[in-house]
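Notes for the one structure printed next.
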Amino acid sequence: MKFRLNRKIHVCIVTTAHSVDDVRVDTKIANSFIEAGFHVSWVGPSHASSVQSNSNNDTIQYSLSTSTHRRINRLLAPIRIRRLASSVQNVDVYYAPDPDSASVALSLARKNGARVIFDVHEVYHGALLDRWLLGLQLQHVRYLIRHHISRICSRCDLVIGVNNAVLEQYVDINTNKLVVRNCAPLWFAEEKPADTCGTERSTFNIMHGKSDLGRGTIQVMKAAAISNSNANAIRILMFDQINNRDEIGISKLNLMIQEMNLSDVVVIRPSVSIKEMPRILQDCNVGLIAYGRGLGRDSHPTDSLNIWQRVSQ
């Protein structure tokens, strides 16, 4: 295809799942496109991750659909997103961060001669798939999903991913690929912390992150209950999830906090935008990435052979 030189290159972000303030897709990818001088549009679900959404409302042209938190809405998302994305005109490049949105992007790109970037930042046929299948580890389904995503990658103009181990699950040697790691942006370092090592703090502050029970929350609280003989010694910071209100999970979490006598230990705050995180992290001694064993193992692999052996077992 040939880009029209009399206007900005138009990048259309097409997503079936990511929030408008998603840390990777919005804060890193979309902002990078904008800083490069591209015109950016966004087609995706209407939900946000924080109360104070960090979406670039004045810079990005949004076309938003129904939220995808319910399973039926998630399954129907490609149909809705395709309908919305087909009305976005003069697209030069589609960026898709989901396998099903990449399929939508490929279909639209064939019609208007655009190019497609597929962002692979999960091992979709591993623990992520098992969670969708309610814990069932169906090997034939894993194989079919992996084969399907590999085929999508082979048809895209560029495939990017969080690391080579994840990319190697789906792309072959002939595929154009690029690693875009999940690192903190440079502006995280602009505000220097006054108390880097926390020597003046009276408590040991732990950043846990999202408060749902599927992210190692129970294990962290059990460890705190064992070690916290002094109620003032530890604080565990968690964030409420405004876009995934699991009322049963919230009730169970609150009950566990009471039963473990952790009311003075666990601090649950309203969700915030990423812009506020450097200041909050300055008050913490340690941070956790508590994905759970399966998702953490797949998302942060150290060896591509080992990861494929694990998800194939």
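The values are calculated or read from the model by the stated rules, or taken from the named source; none is laboratory data. Only a predicted model underlies this, so the values are computations on that prediction, with no experimental measurement involved. Glycine also receives a Cβ, built like all others from the backbone with ideal geometry; neighbour counts cover every protein chain displayed.
General remarks:
- Considering residues of the stretch 110-137 that are small (Gly, Ala, Ser) and modelled with pLDDT under 90 only, the residue nearest to residue 99 (Cα to Cα): 126
- Within the stretch 90-139, the set of residues being part of a loop (DSSP other than H, G, I, E, B) and closer than 23 Å to residue 177 by Cβ comprises 91, 92, 97, 98, 113, 114, 121, 122, 123, 124, 125, 126.
- Answer residue from the stretch 194-228, given it is at pLDDT 75 or above and of a type in the set (Ser, Thr, Tyr) and is farthest from residue 273 (Cα to Cα) among those: 227
- Verdict on residue 121 being free of Cβ contacts under 8 Å to residues at least 12 places away in the same chain and either surrounded by fewer than 19 Cβ atoms within 10 Å (Cβ to Cβ) or not aliphatic (A, V, I, L, M) (or both): no
- Selection status of residue 142, in a helix (DSSP H, G or I), modelled with pLDDT under 90 and in the same structural domain as residue 115 (by TED's automatic domain parsing): yes
- The lone criterion from (1) in contact with a helix residue (DSSP H, G or I) (Cβ under 9 Å, 6 or more places away or on another chain); (2) touching a residue at least 24 places away in the same chain (Cβ under 8 Å); (3) not basic (Lys, Arg) left unmet by residue 141 is number (2).
- For the stretch 64-75, a residue qualifies if it is hydrophobic (A, V, I, L, M, F, W, C) and within 17 Å of residue 102 (Cβ to Cβ), and exactly one does: 75.
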